[in-house]
Each structure stands twice: as structure tokens, then as C-alpha cells.
Amino acid sequence: MAPSSPRARAGERLGRLLARNRELGAAQRADEAFTTRLRRLQHWQSLRLQETHADLAADPRYGPGVRFFVEDLYAPKDFADRDADVERAFPYMVRTLPRGALDTAGDAMGLYVLTRELDAGMVEALWDTLGADALDGAAYAEGYRICEARDARAEQIDLIRDLAGRLDGLVRSPIVLGALRVARRPAQLAGLGALQDFLERGVSAFHHMGGSQEFVATITRREHTILERIFTGHPAPFADPDA
């Protein structure tokens, strides 16, 4: 059998990630108590990210990028509509998208799946193991350590960096920007509005930056610093990670 092409492998990777996301979503939505705790965790995480990167969020150039990551990955809400849109669009994406776009979609889904897996572990650590009542920085850091997922957390940060780099490359193409605008009405008619909105927000945020190198480097450096502090027992791991 002839080896598959890089483009075909990108499509296969995206398909595997979609299947894993479907599995996670079904299991999590079936457990009401888990979902309630997950929303509390996501709310705390989104506030923490906004606080850590408040200077970037307040910057007219970088603010939309911070909001995109916080609201489209860590927001305390159900992304079932967007997930369903991606599932419906997958056959079309595999047939028509160039490899670069498929790789970007795979990076986005890979980050989303890994985040869901890590969040599930944190829910178990915080409530089942620690019996946490109030969710604060100390409890969150202890939950991190209980999960023993240091490598996966480092991978999560690097996936954010890689995804940002791919988005930055895509938005430099006038062809991509034009195609996204043209697709708006057909996507809505096809019932893919949630996916279209997600893509437009991401592309708009990175196009607005006019180059994301400083943005990505700052977030990556700070998040790796926080990760290192948590696993070395720093008393205030989230305080001023640039210090």
C-alpha cells in the first residue's frame, strides 16, 4: 500500500481528534455533577488568564487575541454547537482544504481535546481527591500537582504557541481572508454558523495584530513560568510571572 500524502495524514489526524472530542463530550455531558464542577473550573481559569495577561488584554493591538483564546477555549460554556458544526463540515474540509488549513484545524482541535482531558483530570483532583470547597490559587496549584501532568501542561502551552503561529501565517494570505468572507452566507445556510463565527473571530483577532510574535512569546513565557512555579512549590505561582 502506498504511503499516504502529508495532506491525507493531516486529514486523518483531524478525524482522530474529532472522534476523541466526540467521546469526551458525550461522557462529560452525561454527568451533571461533573459539568457543574467543570463550569466552575473553567470560570476560574478564564479569570486567571485574564488577570495574568491583563496588560495584553488592555492593549488595543493584542486585546482581541486574548479574548479569542479565553472565550473560545476556557469560557465556562458548552461548545456543543461548534463541535457539531465541525463534525458536519469534516468531509468537506478533507476534500477541499489545503494542507496548511487542515494542519491549523488539527492544531486547534488538538489543543481543545488536550484542554478537555486536562480539565477532566483537574475536576477529579479538586473535588474527588481534595474535596475542595472554595476554588482558589492554592487549591488549583495542588490539583495541578496531584494530576502529575507536567509534560501535558507544557504541551498545552506549546500547542497554543503553534496554533498562534499557524493562524498568523493564514491571516497574511488575502486568499484566505477573502474565502472566509465569501463562505459566511453559505456556512449559515448549511447550518455551520457556530463554526464560521469561531473561524472569523480567530482570523480577525490575528489579522488585527499585524504580527503575533511578541504576543505569543509573552504568553508562552509567562505560562511556562507559572507551570514551573507550581511544580516547584512556589508560594504564589500566579503572581507577576514576569518578575
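The values are calculated or read from the model by the stated rules, or taken from the named source; none is laboratory data. Treat the numbers as computed from the prediction; the structure is a model and nothing was measured. Positions of Cβ are generated from backbone atoms using ideal geometry, with glycine treated the same way; all protein chains shown enter the neighbour counts. Just the protein is used for accessible areas: all its heavy atoms, side chains included, with ligands, DNA and RNA removed. Shrake-Rupley method; radii C 1.70, N 1.55, O 1.52, S 1.80 Å.
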**OP:** Tell me which residues, restricted to segment 193-243, are of a type in the set (Ser, Thr, Tyr) and farther than 27 Å from residue 149 by Cβ.
**Re:** 204
Original post:
Hey, among the residues in segment 16-34 that are open to solvent by less than 40 Å² (accessible area, probe 1.4 Å) and not small (Gly, Ala, Ser), which one's farthest from residue 160 (Cα to Cα)?
Top reply: 34
Subject >> So residue 15, is it of a type outside the set (D, E, K, R) and under 18 Å from the mean Cα position of the chain (by Cα) >> reply: yes
Original post:
Condition test on residue 71, is it open to solvent by 20 Å² or more (accessible area, probe 1.4 Å), of a type in the set (Asp, Glu) and under 16 Å from the mean Cα position of the chain (by Cα)?
Top reply: yes
Original post:
Given the conditions (1) open to solvent by less than 40 Å² (accessible area, probe 1.4 Å); (2) over 21 Å from residue 238 (Cα atoms), which single one is not true for residue 97?
Top reply: (1)
Original post:
Taking segment 36-62, which residues are loosely packed, with under 14 Cβ neighbours inside 10 Å and in a helix (DSSP H, G or I)?
Top reply: 36, 47, 51, 54, 55, 58
Original post:
Cβ-Cβ below 8 Å, separation at least six or inter-chain, first residue in segment 119-136 and touching a residue at least 40 places away in the same chain (Cβ under 8 Å) and within 16 Å of residue 45 (Cβ to Cβ), second aromatic (Phe, Trp, Tyr) and open to solvent by 20 Å² or more (accessible area, probe 1.4 Å): which pairs?
Top reply: 120/34; 122/144; 123/34; 135/44
Original post:
Given the conditions (1) more than 17 Å from the chain's Cα centre (by Cα); (2) exposed (fewer than 14 other Cβ atoms within 10 Å of the Cβ); (3) assigned to a helix (DSSP H, G or I), and given that residue 4 satisfies all but one, which numbered condition is not satisfied?
Top reply: (3)
Subject >> Condition met for residue 13 (surrounded by fewer than 18 Cβ atoms within 10 Å (Cβ to Cβ), among the charged types (D, E, K, R) and touching a Lys or Arg at 6+ places or on another chain (Cβ under 7 Å)) >> reply: no
**OP:** Determine if segment 100-107 includes at least one residue that is in contact (Cβ under 8 Å) with a residue 40 or more places away in the chain and among the acidic types (Asp, Glu).
**Re:** yes
**OP:** Could you tell me which numbered condition residue 102 fails, if it satisfies all but one of (1) open to solvent by less than 50 Å² (accessible area, probe 1.4 Å); (2) closer than 20 Å to residue 28 by Cα?
**Re:** (2)
**OP:** Considering only segment 206-222, state which residues are farther than 24 Å from residue 154 by Cα and touching a residue at least 40 places away in the same chain (Cβ under 8 Å).
**Re:** 208, 209, 210
Original post:
Hey, among 131, 110, which residue is modelled with pLDDT of 85 or more and either closer than 26 Å to residue 239 by Cα or in contact with a Pro (Cβ under 6 Å, 6 or more places away or on another chain) (or both)?
Top reply: 131
